[in-house]
Amino acid sequence: YLDLIAPFAQVSDSKAKQLMETLEVFVLDAGLSSSKAAKLMDVHVNTVQYRLKRIREILGAEGFGPVAVSGTAFQARELIDAAVAGDKRVSYCNIESYSGHDAFLLENEAPVYGGLTSSFLHNLSLDWRPEDAERRQALTESYGKPASPKKTRVDYDRILELIPPKTKILDLGCGKGELLARLKERGHERLVGVEIEERLVLKCVEKGLDVLQLDVNDGLKSFSDHQFDFVVLSKTMQTIKNVEVVLEEMLRVGTRAIVSFPNLGYKAYRKQLEQGRAPQTDPRKNRKWYNSSDVRFLTIADFEEFCKEKGYRIFKEVALESETGVIVEENAAINSDVFIAVIGR
């Protein structure tokens with residue numbers, strides 16, 4: 001620890017004392033957890049993260065990582081990026097722990113890191129191949145249940161129809177991996193998911209899926225140009241902060257992008273606006289304007305205009321009424337609540 005802070009102590013900065021205090025709490029008291037450090041210091045977690053960013057600038061990114069000291073996290077990401085670039089099977093999750101980078105020696109987060117490790121190794125041991133029915137059955141029996149038809153998202157059904165067989169797929173915001181699992185059942189040989197929530201990453205790995213814990217708002221730097229045939233962003237675009245960056249990255253790493261989103265022009269949403277109420281576009285129960293993850297609200301016309309401005313080609317459009325699952329052919333701008341588009345350059 002003394003070696004770590006030595007260069008920092010020599011820096012002349014008016015806020016050096018404040019930054020040093022943050023560093024000490026983060027490393028010595030909070031187990032490298034920014035949320036726990038925020039509670040201990042009685043400040044907002046964004047304040048801690050900003051100070052840590054400033055500290056990293058002083059010490060150098062390789063000398064001080066967000067979850068491990070002496071470049072461990074930085075080096076791990078380098079290995080992951082190399083494996084992904086080589087099209088190797090890899091899953092990654094940055095497990096937050098109050099016990100620091102030696103947490104794997106303790107019981108605290110054993111269900112998470114233990115579950116991830118055992119599931120990933122088990123999946124490799126099956127050596128699953130699309131044509132191998134016995135191994136596919138073994139995987140299903142080991143990790144449970146294929147998605148129930150009653151709970152299947154209607155846009156997944158249509159997205160599956162838009163994806164040709166044997167293509168390579170990257171699914172952004174893959175959640176529990178329902179879409180990837182269905183694609184795997186169809187025999188796609190290369191499927192990768194990206195998800196930010198730790199618990200959902202574990203669910204995906206338990207299904208035998210390869211998934212990386214990444215924030216898509218930061219781009220897709222782990223992936224090389226044209227590594228996939230299709231990159232999917234299903235009912236996630238409305239939660240994205242950096243829409244332009246994410247769509248550009250999707251069309252860099254994939255030949256085509258498939259996006260689906262709630263259409264704010266839907267007649268029920270228009271009625272809610274006429275009544276002076278905010279439209280409830282988040283289908284999850286108990287999700288209102290103040291606790292929904294939705295931050296973008298757009299219509300079909302808005303998206304089409306965006307694509308025109310960016311020079312994106314729309315190869316296919318599908319408008320749906322999610323209650324019935326019916327494809328809307330007439331006046332989709334008003335009669336559909338979900339819109340799917342296949343875009344490219």
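What follows draws every value from the coordinates through simple rules; no lab data is involved. Every value quoted in this text rests on a predicted model; they were computed, and no experiment measured them. Here the Cβ positions follow ideal geometry from the backbone for every residue, glycine too, while neighbour counts run over all protein chains shown.
Quick check on Leu273: is it in contact with a strand residue (DSSP E or B) (Cβ under 9 Å, 6 or more places away or on another chain) and of a type outside the set (Lys, Arg)? In short, no.
Residue count for region 296-345, restricted to those that are in a loop (DSSP other than H, G, I, E, B), surrounded by 13 or more Cβ atoms within 10 Å (Cβ to Cβ) and among the small types (Gly, Ala, Ser): 3. Among the residues making up region 196-239, a single one is surrounded by 21 or more Cβ atoms within 10 Å (Cβ to Cβ), out of contact with any His (no Cβ under 9 Å at 6 or more places or on another chain) and on the phi > 0 side of the Ramachandran plot: Lys235.
Scanning region 267-287 for residues that are within 22 Å of the chain's Cα centre (by Cα) and either of a type in the set (A, V, I, L, M) or surrounded by fewer than 12 Cβ atoms within 10 Å (Cβ to Cβ) (or both) yields a count of 2.
The set of residues in region 236-252 that are touching a strand residue (DSSP E or B) at 6+ places or on another chain (Cβ under 6 Å) and closer than 13 Å to Gly173 by Cβ comprises Met237, Gln238, Met250. Screening Arg252, Arg256 for residues that are touching a Phe, Trp or Tyr at 6+ places or on another chain (Cβ under 7 Å) and among the basic types (Lys, Arg) leaves exactly one candidate, Arg256.
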